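Step one of this worksheet: look at the structure below.
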Amino acid sequence: MNVVADSRERRSAVPHHLRRLGVSLEEALLPVGDYAIGRNCLIERKELVDLHQSIENGRLWTQIGKLRRAVTWPYLLVEGASPYDGRVGAEAVRGALLAIADLGVIVIQAKDGLDTALWIRRIATRREGVTTRSRRPFAGRDMSVKPHPGELALTAAPGISSTSAHRLVEHFGCLIRVLQASESGVRGIGRSRARAIAQLGALPSHSAKRNGQHRAT
């Protein structure tokens with residue numbers, strides 16, 4: 001089966017690896033996704049920096065919405081050693097990825113460009129010969145009412161409901177401002193939930209630094 005790569009992907013090593021793996025690859029400017037396999041499969045590839053930035057600025061949810069409406073088999077492929085390496089805290093990343101899975105998009109992690117190419121080849125082999133298939137239930141969910149991009153990630157914090165997440169984002173304006181707010185600045189949700197939100201925004205490097213300072217004293 002032919003794989004079509006978005007022409008902007010030529011800046012990455014993935015097309016090179018795909019050709020070396022014997023995949024028949026074409027290039028085109030894709031309106032949705034980074035790799036198209038047949039008519040019913042699209043793959044959105046995200047390196048870690050792009051993943052974290054798109055969670056922060058909300059672009060991820062627009063891309064996921066387009067992806068899931070376009071095809072029966074939408075994939076989000078996260079490329080990098082760990083999806084938690086970035087500005088957004090680990091719990092917020094987990095919440096975002098779970099929300100994406102709930103929307104019917106299959107989430108895959110690849111460690112590097114070669115691993116990404118191996119995944120794409122495997123997906124192409126799996127989809128080969130499958131021309132029609134009914135859309136899975138979650139992929140048909142109504143998207144007319146969309147939460148703010150940061151709300152889904154905030155619900156990863158223990159005790160934070162969708163209503164609380166909506167109120168927080170409405171008050172602070174965006175996800176990153178909520179995560180950066182001090183406990184005293186988060187009104188109406190209590191200290192325990194404020195601490196849970198603070199943990200969402202805690203970067204591993206900061207934690208390691210604090211732990212190192214604690215051991216040194």
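Observations on the structure shown:
- Beta bridges per DSSP, both residues in segment 3-139: antiparallel share near 25 percent.
- Tensor-based shape of segment 37-87 (alpha-carbon gyration tensor, a/c under 1.5 rounded, otherwise prolate or oblate): oblate
- If R0 equals 25 Å, the separation of the Cβ atoms of THR163 and ILE106 corresponds to a calculated FRET efficiency of about 0.30.
- If R0 is 30 Å, the Cβ-Cβ spacing of CYS174 and ARG94 corresponds to a FRET efficiency of close to 0.95.
- Overall, the anisotropy analysis places segment 42-131 in the oblate class: the square-rooted eigenvalues a ≥ b ≥ c of its C-alpha gyration tensor yield a/c not less than 1.5, with a/b not exceeding b/c.
- Cβ-derived FRET efficiency at R0 22 Å, LEU29 paired with ALA81, nearest 0.05: 0.15
- The relative contact order of segment 3-139 comes to 26 percent, based on Cα pairs under 8 Å that sit 6 or more residues apart.
No value in this document is a laboratory result; all are computed from the given coordinates. Values in this document were obtained by computation on a predicted structure and should not be read as measured data. Note that each Cβ is placed from the backbone with ideal geometry, even for glycine, and that neighbours are counted across all protein chains shown.
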